[in-house]
1. Please go through the range 186-205 and give me each residue that is open to solvent by 60 Å² or more (accessible area, probe 1.4 Å) and either farther than 20 Å from Asp167 by Cα or outside any helix (DSSP H, G or I) (or both), ordered by number.
2. Quick one: in the range 174-185, which of the residues that are part of a loop (DSSP other than H, G, I, E, B) and open to solvent by less than 30 Å² (accessible area, probe 1.4 Å) is farthest from the ligand (Cβ to nearest atom)?
3. Out of the range 20-29, which residues are farther than 25 Å from Ala80 by Cβ and either more than 8 Å from the ligand (Cβ to nearest atom) or open to solvent by less than 40 Å² (accessible area, probe 1.4 Å) (or both)?
4. Find the residue count for the range 38-67, including only residues that are in a loop (DSSP other than H, G, I, E, B), in contact (Cβ under 8 Å) with a residue 12 or more places away in the chain and near the ligand (Cβ under 9 Å from one of its atoms).
5. Could you tell me which of the residues Gln75, Gln35, Gln107 is crowded, with 20+ Cβ neighbours inside 10 Å and free of Cβ contacts under 8 Å to residues at least 40 places away in the same chain?
6. Go over the candidates Leu11, Leu71 one by one and state the one that is more than 12 Å from the ligand (Cβ to nearest atom) and at pLDDT below 95.
7. Quick one: Ala84 ticks every box in (1) within 13 Å of the ligand (Cβ to nearest atom); (2) without any contact (Cβ under 8 Å) to a residue 24 or more places away in the chain; (3) part of a helix (DSSP H, G or I) bar one, so which box is it?
8. Which number in (1) surrounded by 14 or more Cβ atoms within 10 Å (Cβ to Cβ); (2) part of a loop (DSSP other than H, G, I, E, B) marks the one condition that His102 misses?
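The values are calculated or read from the model by the stated rules, or taken from the named source; none is laboratory data. Computed from a prediction, not measured in an experiment: that's the story for all the values here. Every residue, glycine among them, receives a Cβ derived from its backbone with ideal geometry; neighbour counts consider all protein chains shown. Ligands, DNA and RNA are excluded from the accessible area calculation, which covers all protein heavy atoms including side chains. Shrake-Rupley method; radii C 1.70, N 1.55, O 1.52, S 1.80 Å.
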Amino acid sequence: MTIDRAHATALPLLWFREVEKHYGGFTALAGVSLQVYRGEVVCIIGPSGSGKSTLLRCANLLEPFSSGAILFEGQDITRAARPASIRQRIGMVFQSFELFPHMTALQNIMSGPLTVKRTKRVQAEAEAGVLLDRVGLAGNAQSYPSALSGGQQQRVAIARALAMHPDILLFDEPTSALDPETVGEVLAVMQKLAADDVTMVVVTHEMGFARRAADWVVVMDHGQIVEEGPPALIFGSPTSARTRTFLSHMHSAH
Ligand code: ADP
């Protein structure tokens, strides 16, 4: 679902308002304002160290921020009466998968529903099976992470995040730690989720994915959003010199 942002009247699902984050004297986020609407895929691109990961971690309450606010369905996530219940609705997929090594793929996917949601085991297992199928790993239910490729592990991690029925999925460079030959299978799964209208915010260096899958592209540099817009605009005719410099570096690096 693509939002006509120029005429958007909907309440953003996730809304960053002037978010600032300092590490000692260093400013990692210098007043970032960004709206994410339900059903959208927002890709965040920009040079290393520009604050992309920090922004996602703030949204998932993994990182406190210094000032500003992050609203989830209009509710300030840091002032919510039950922050844990908001965090449950925001799924996160990390660069390094973070699967439980002593659990099979199926058990990894079931663990959240069983322990956090107190879902019945039969139901959790059935849902985990469906999710494994959705990420193309129906045959790997009993595999341990160590027996899976990086791409397969990341697909299990995506299924595990989906098992909590989040309203939004945040991806922090989900393919950066993968062997090149498994990047495509993870991006294909993400593209399928996008087609299913799963709301996603994706920090990525995969410009091809951003161009194909994003409804909205955000360019960050030095803790600020330097430019944002639909992919055709950002990749076709960026207005910011910093966007152009970044894209030309990405182009020559690939
Ligand atoms: P990106 O995701 O765009 O590569 P990050 O959000 O990871 O950037 O980091 C933004 C900046 O904040 C970087 O310069 C990084 O060195 C700094 N930073 C991140 N985490 C910490 C930390 N725990 N302590 C100090 N500085 C940090």
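1. Asp196, Asp197
2. Keep residues of the range 174-185 that are part of a loop (DSSP other than H, G, I, E, B), which gives 174-179.
Imposing the further condition that a residue be open to solvent by less than 30 Å² (accessible area, probe 1.4 Å) reduces the set to 174-175, 178.
Working: Pro174: 13, Thr175: 14, Leu178: 17 Å.
If we take residues in the range 174-185 being part of a loop (DSSP other than H, G, I, E, B) and open to solvent by less than 30 Å² (accessible area, probe 1.4 Å), then Leu178 is farthest from the ligand (Cβ to nearest atom).
3. Step one: list which residues in the range 20-29 are farther than 25 Å from Ala80 by Cβ, which gives 24-27.
Passing the criteria: Gly25, Thr27.
4. Qualifying residue count, the range 38-67: 5.
5. Numbers: Gln75 fails: crowded, with 20+ Cβ neighbours inside 10 Å; Gln107 fails: crowded, with 20+ Cβ neighbours inside 10 Å.
Selected residue: Gln35, the only one of Gln75, Gln35, Gln107 that is crowded, with 20+ Cβ neighbours inside 10 Å and free of Cβ contacts under 8 Å to residues at least 40 places away in the same chain.
6. Values: Leu71 fails: at pLDDT below 95.
Going through Leu11, Leu71 in turn, just one is more than 12 Å from the ligand (Cβ to nearest atom) and at pLDDT below 95: Leu11.
7. (1)
8. Only one criterion in (1) surrounded by 14 or more Cβ atoms within 10 Å (Cβ to Cβ); (2) part of a loop (DSSP other than H, G, I, E, B) is unmet by His102, namely (1).
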